[in-house]
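S.K.: Following this message is one structure expressed as structure tokens.
The values are calculated or read from the model by the stated rules, or taken from the named source; none is laboratory data. Just so it is clear, the model here is predicted, and its values are computed rather than measured. Cβ coordinates were reconstructed from backbone atoms using ideal geometry, including for glycine residues, and neighbour counts include every protein chain displayed. Note: areas computed on protein heavy atoms with side chains; ligands, DNA, RNA excluded. Shrake-Rupley method; radii C 1.70, N 1.55, O 1.52, S 1.80 Å.
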Amino acid sequence: MGIIKFFFLGAALTALMARSSEVNHRILQATISNATATASPGGEQQQEEEARNKTTSTSTSTATATTSKSTADPITISSSDRFNEDRRVVVVDQAMGARCAVAADFDGDGRMDIVSASSNDNAVSWFRNEGPASDGSAMPQFSIKKPITWSSLGSRIVTVADIDGDGDIDVVGASYYDSSLRWFENDGKGDFKSHLISSSVNEGQGVAVADINNDGAPDIISASSGDNTIAVFKQIDKGFFCEIKDVVDDQAIGARTVVASDLNGDGWVDLASTSKVR
């Protein structure tokens, strides 16, 4: 059984940043079917260790163009409003253990590029949208894999936002095995510089970006399964973050993801999270 929690956070910053037992919030819970219910004992770490023991020459994951799931965990996208295999475009077939893909314009050319997180090759990578294919079709073609980082151990999740307010789209990512949360500064041309926010996001699974305290600077929210925690990392100034996380919930058992939105229409960003059990 899975749990969805909604945190309705009021205007008082002290309430927002208090620990879960002290936060003045309402929690709505709803059961959801647990997509990981069939996982073998030992969890994701065991599954990834088994994957690593397989011959990597035949175990490539495909990043293409509909978000779908196959036995190879492909990332897929579609360039049509009709999602079918005839309209599918292969972006890359070397996103090993692909976990996540997000679209954004990283080089300012007006075309939506793709960033991916893949756990088996510890990579956060991006693929430049080079426009319509040379065969005259309207289908886009993408560049080879470009590195953002290839040392994000067990890379799980990425999201995008202009973190430092310079007008360029940056990338935020969490990794499972080194418990790290990083943001990657874009120079506007698709070259990225890594910034470590924290190394205490224990088995990071989810990230979101939102201005939690309404100070005009985006903050970062993490979901981590190793310590069952939903936490906020407050931005101090233009890409500099407080290293000490403000715990919103430390009872999100096996936390998987977190999203941020004004759920109750009071002008303040709320959080919704998913976890495996109560």
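S.K.: Filter the stretch 236-255 down to residues that are assigned to a loop (DSSP other than H, G, I, E, B), farther than 22 Å from residue 160 by Cα and within 19 Å of the chain's Cα centre (by Cα), then give me how many there are.
M.R.: Matching residues across the stretch 236-255 total 2.
S.K.: Got a sec? Which strands (runs of 3 or more DSSP E) wholly within the stretch 33-137 have at least 1 residues that are hydroxyl-bearing (Ser, Thr, Tyr) and at pLDDT 90 or above?
M.R.: 113-118, 123-127
S.K.: Hey, another quick one. Based on this model, can you work out whether residue 172 counts as crowded, with 19+ Cβ neighbours inside 10 Å, within 17 Å of the chain's Cα centre (by Cα), in a strand (DSSP E or B) and of a type in the set (Val, Ile, Thr)?
M.R.: When the stated conditions are applied, residue 172 passes them.
S.K.: Which one of these is surrounded by 18 or more Cβ atoms within 10 Å (Cβ to Cβ) and either within 25 Å of residue 215 (Cα to Cα) or more than 13 Å from the chain's Cα centre (by Cα) (or both): 165, 131, 136, 190? Can you show your working first?
M.R.: Values: 165 fails: surrounded by 18 or more Cβ atoms within 10 Å (Cβ to Cβ); 131 fails: surrounded by 18 or more Cβ atoms within 10 Å (Cβ to Cβ); 136 fails: surrounded by 18 or more Cβ atoms within 10 Å (Cβ to Cβ).
When all the criteria are applied, what remains is 190.
S.K.: Kindly provide the set of residues from the stretch 194-216 that are of a type outside the set (S, T, N, Q), within 18 Å of residue 173 (Cα to Cα) and not in a strand (DSSP E or B), ordered by number.
M.R.: Across the stretch 194-216, the qualifying residues are 201, 203, 211.
S.K.: Please state which one of 275, 224 is modelled with pLDDT under 95, polar (S, T, N, Q) and either open to solvent by less than 50 Å² (accessible area, probe 1.4 Å) or at positive phi (or both).
M.R.: On the way: 224 fails: modelled with pLDDT under 95.
After ruling out the rest, the residue left standing is 275.
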